[in-house]
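Step one of this worksheet: look at the structure below.
None of the figures in this text is laboratory data; all of them are computed from the coordinates on show. From a predicted model like this one, the values you see are computed outputs, not experimental measurements. Neighbour counts run over all protein chains shown; Cβ positions are idealised from the backbone, glycine included.
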Amino acid sequence: MTDSKKSATLTIDDASFDLPIYSPTAGPDVLDIRKLYAQAGVFTYDPGFTSTASCDSTITFIDGGKGELLHRGYPIDQLAGKSHYLEVCYLLLYGELPSATELEDFEERVTHHTMIHEQMANFFRGFRRDAHPMAIITGVVGAMSAFYHDSTDVSDPWQREVASIRLIAKMPTIVAMAYKYTIGQPFVYPRNDLDYASNFLRMCFAVPAEEYEVNPILARAMDRIFTLHADHEQNASTSTVRLASSSGANPFACIAAGVACLWGPAHGGANQACLEMLREIGTVDRIPEFIARAKDKDDPFRLMGFGHRVYKNVDPRATVLKQSADEVLELLGVENNPLLQVAKELERTALNDPYFVEKKLFPNVDFYSGIILEAMGFPTSMFTPIFALSRTVGWISQWKEMISDPGMKIGRPRQLYTGATLRDYVDIENR
Ligand code: SDX
């Protein structure tokens, strides 16, 4: 935390209160209100946290006005173009790009933690086959705290490190197993001779009946999708992980809470909802009907994959994914995919419509990702699980940053109470 060089004065009735102001290395100044209630006897009120900084962090910076996303200072388009997911994981976890030796050691550690405890396979078999993979993943990730007791003590830096590597390494295996279980195919074990993305593709699409050759184009596209979803400041699921972790709960339980939060259609579930919307629109000529519905105050319908709490410009991840969609679909020979045509025309129409322009609603990370994932062979139900897999490193990095802060306190917000004031119990015969 930087020192406060200036302050703001809050005046309530005839009392004035000085609120220290801290200036960040990038982004808006913050008002320190930690002592406000003790000094002024009032709470601040910000239900959606639209104007609230919940922590100080050095991991990810977003400039919503410019449409800029930096991980430890490096712009997402450069990382997506020049780096790869495990190198970005190292950067998010440890703060700097690794040397060749550091990267080799990190990749070795992750590779040798990809298998899960054999008995966990039984856990999958308790679910119905038609369970949503996110329901399975939420359960299995939480259950990891029942299998990996030697990395649940958050006060031990070594156990925190082991839990971090285990989660990053095992999420692809768990997500692939959830997929295999829902399609009635046998689980496929990870292989140590494959890179992270190739391993995941093989665990999803290989069958015992024949050899599976990883398509390098798909592996590169998969790795890029992982990278683009790795972390995103204090979004809803990351804030969930931080709040859960503030009680000292073990990392597996906290990450399971993040998975659960990500599932919502307003958050990570939007990629599935967006593809289902594009499919419902079906053809370009029906776009005006859906644009009208999105603008209709009386219609709860929203353009999925559009809008963002922070970005009031194009989400830079959507820009990279749009380019990727063109490349991957062309390389797969499905460049005239009707859904991609509908998506591009929908984007063009919306960005020329005053409603979306005035409200600064642009495509976000979820608008194009589903088109790529579907072209790669994933069903829509696997889109959010892949988002959860990718975001695990972000949740873990933010968790480690918070847990290792000696000033960490349990998160305990207050409220604006508007319920009944004190009243006596009324016996049932008198009601
Ligand atoms: C992710 O936070 C993160 O960083 C999340 C994420 C990450 O990487 O972790 O980036 C991932 O969750 C991306 C967002 C995915 N969700 C969607 O695509 C769902 C559709 N989008 C919306 O539901 C909405 O835009 C949110 C939830 C993303 C943002 O909501 P906000 O910031 O609370 O904004 P809002 O709901 O107050 O909307 C502001 C106005 C409203 O109109 P008014 O009430 O002011 O008249 O814009 C309208 C909204 O009705 N609006 C939309 C719209 N999104 C907002 N209208 C039509 N279609 C939309 N998609």
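Suppose the Debye formula is applied to equal point scatterers at every Cα of region 319-378; what is log10 I(q)/I(0) at q = 0.29 Å⁻¹? At q = 0.29 Å⁻¹ the computed log10 ratios are -1.22.
Considering all different alpha carbon pairs of region 207-314, the Kirkwood hydrodynamic radius works out to 17.2 Å.
Taking ARG34, ARG242, ARG72 as the candidate residues, the one with maximal mean-square fluctuation in a Gaussian network model of the chain, Cα springs under 10 Å, is ARG34.
What would the Debye equation give as log₁₀ I(q)/I(0) for region 263-352 at q = 0.10 Å⁻¹, counting only Cα atoms as equal point scatterers? Scattering profile of region 263-352, log10 relative to I(0): -0.26. The angle separating the long axis of helix 365-375 from the principal Cα axis of greatest extent in the chain is about 20 degrees. Peptides 254-261, 181-188 ranked from most to least packed give 254-261, 181-188, packing being the mean of other C-beta atoms within 10 angstrom over each peptide's residues. Pairwise inverse Cα distances across region 40-126, averaged and inverted, put the Kirkwood hydrodynamic radius at 16.8 Å.
Using the number of other C-beta atoms within 10 angstrom as an exposure proxy, rank HIS117, HIS229 with the fewest first.
Taking fewest neighbouring Cβ atoms as first place, the list is HIS117, HIS229.
Rank-order 381-393, 54-66 by packing density, defined as the average count of other C-beta atoms within 10 Å over each peptide's residues, highest first.
381-393, 54-66
If you wrap the tightest convex hull around every Cα atom of region 157-256 and split its volume per residue, you get 125 Å³. Counting pairwise Cα distances across region 371-431, what percent come out greater than 16 angstrom? That tail contains 73 percent of the Cα-Cα pairs. For the pair ASP193 and VAL426, label points projected 7 Å from Cα toward Cβ lie 7.7 nm apart.
Here, region 9-75 is characterised by an Rg to Rh ratio of 1.06, where Rg is the alpha-carbon radius of gyration and Rh the Kirkwood radius. For the options LYS322, LYS297, LYS409, a Gaussian network treatment of the chain with springs between C-alpha atoms closer than 10 Å singles out LYS297 as fluctuating the most.
Report, to one decimal in Å, the Kirkwood hydrodynamic radius for region 53-183 based on all distinct Cα pairs.
About 17.0 Å, per the Kirkwood formula over Cα pairs.
Net charge in the neighbourhood of ILE12 (other residues with Cβ under 15 Å of its Cβ; Lys, Arg +1, Asp, Glu -1) is -2. Electrostatic tally near PRO379: other residues with Cβ closer than 15 Å to its Cβ, Lys and Arg +1, Asp and Glu -1, net 0. Each of MET277, MET171 has some number of other Cβ atoms within 10 Å of its Cβ, and from fewest to most they run MET277, MET171. Footprinting exposure proxy ranking of LEU91, LEU103, LEU422, fewest other C-beta atoms within 10 angstrom first, gives LEU422, LEU103, LEU91. Only alpha carbons enter this Debye calculation for region 292-431, each as an equal point scatterer, and the log10 of I(q)/I(0) it gives at q = 0.11, 0.14, 0.19 Å⁻¹ is -0.64, -0.85, -1.18. Quarter the surface of the alpha carbon convex hull of the chain and you get the mean projected area, 27.4 square nanometres.
Taking the chain as a Gaussian network of alpha-carbon nodes connected by springs under 10 Å, the highest mean-square fluctuation of the residues VAL30, VAL141, VAL328 belongs to VAL30.
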